[in-house]
1. Roughly to the nearest percent, how much of the accessible area of the range 89-145 is carbon and sulfur, given a 1.4 Å probe?
2. How much net charge surrounds residue 91 when only the other residues with a Cβ under 12 Å from the Cβ of residue 91 are counted, with Lys and Arg +1 and Asp and Glu -1?
3. Can you return the aspartates and glutamates within cross-link range of residue 134? Criterion is Cα-Cα under 15 Å, with same-chain partners fewer than 8 residues away left out.
4. Write down Rg/Rh for the range 39-139, rounded to two decimals, with Rg from the C-alpha atoms and Rh from the Kirkwood relation over Cα pairs.
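The values are calculated or read from the model by the stated rules, or taken from the named source; none is laboratory data. Predicted model, so just to flag it, every value in this text is computed and none were measured. Quick reminder, even Gly has a Cβ in these numbers, built from the backbone with ideal geometry, and neighbours come from all protein chains shown. Just the protein is used for accessible areas: all its heavy atoms, side chains included, with ligands, DNA and RNA removed. Shrake-Rupley method; radii C 1.70, N 1.55, O 1.52, S 1.80 Å.
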Amino acid sequence: MSISEIVGLVLTVASLAAAVSVMATLVILMRRDRHAEVRLRRVDAYAQWLAGRKAVTRASLSFLAAFRALAGERRDSEYFSLRRDEAQRTRAAWSDAMRELDRAEAALLAWSADPSIHEELARLKRVSPEALHKAISGRQHDVDQLIRQLRAEDQDAAKLVRAATTTARGPGSRGPGTLARVTAYTESIVDHWTKR
């Protein structure tokens, strides 16, 4: 083989290797972008769900305070109608918060392909109207117990979100190794042809 043929062959292989490297790099970058986008959607879905849970907790505490105040007000009091209106507003706000949590949970379940998320969400109970009614008509101890329960469940929900959104690097982490293998393979081809 003449020098010009070897040079031509080396240039051809080098051009091919450069094209393969560029394509491999583009594929790796596109996979990383797609992985980052999926991760952002996952984080957003979990954040919306956690925000919904916290909104339900706040609405529940307002509901509880308003209805306890209403229960303690005499019907002939000049403040009774104000307390009743406030209680009705907190009931509506509680219902709205529960609907928003339903939407956020549905979006999270629709997004996630992980079947364990169903179990995790089922494990984290929601405040029920019965629990609110018991605390409204009960003693201060019942109120304190419900408040502790709501705060503990919010902390458990936050832990679940942290665990679900703090993941190791996914498919994009294999990219540099793939590029190095392609480059090494291309160099071995060039070496093989230059030794002939």
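1. Details: 1950 of 3600 Å².
Heavy-atom surface of the range 89-145 belonging to carbon and sulfur, 1.4 Å probe: 54 percent.
2. Details: positive: 84, 89; negative: 85, 86, 96.
That sum, taken over residues with Cβ under 12 Å, equals -1.
3. Within the straight-line cut-off, residue 134 pairs with 142, 144.
4. On the Cα set of the range 39-139, Rg over Rh gives 1.12.
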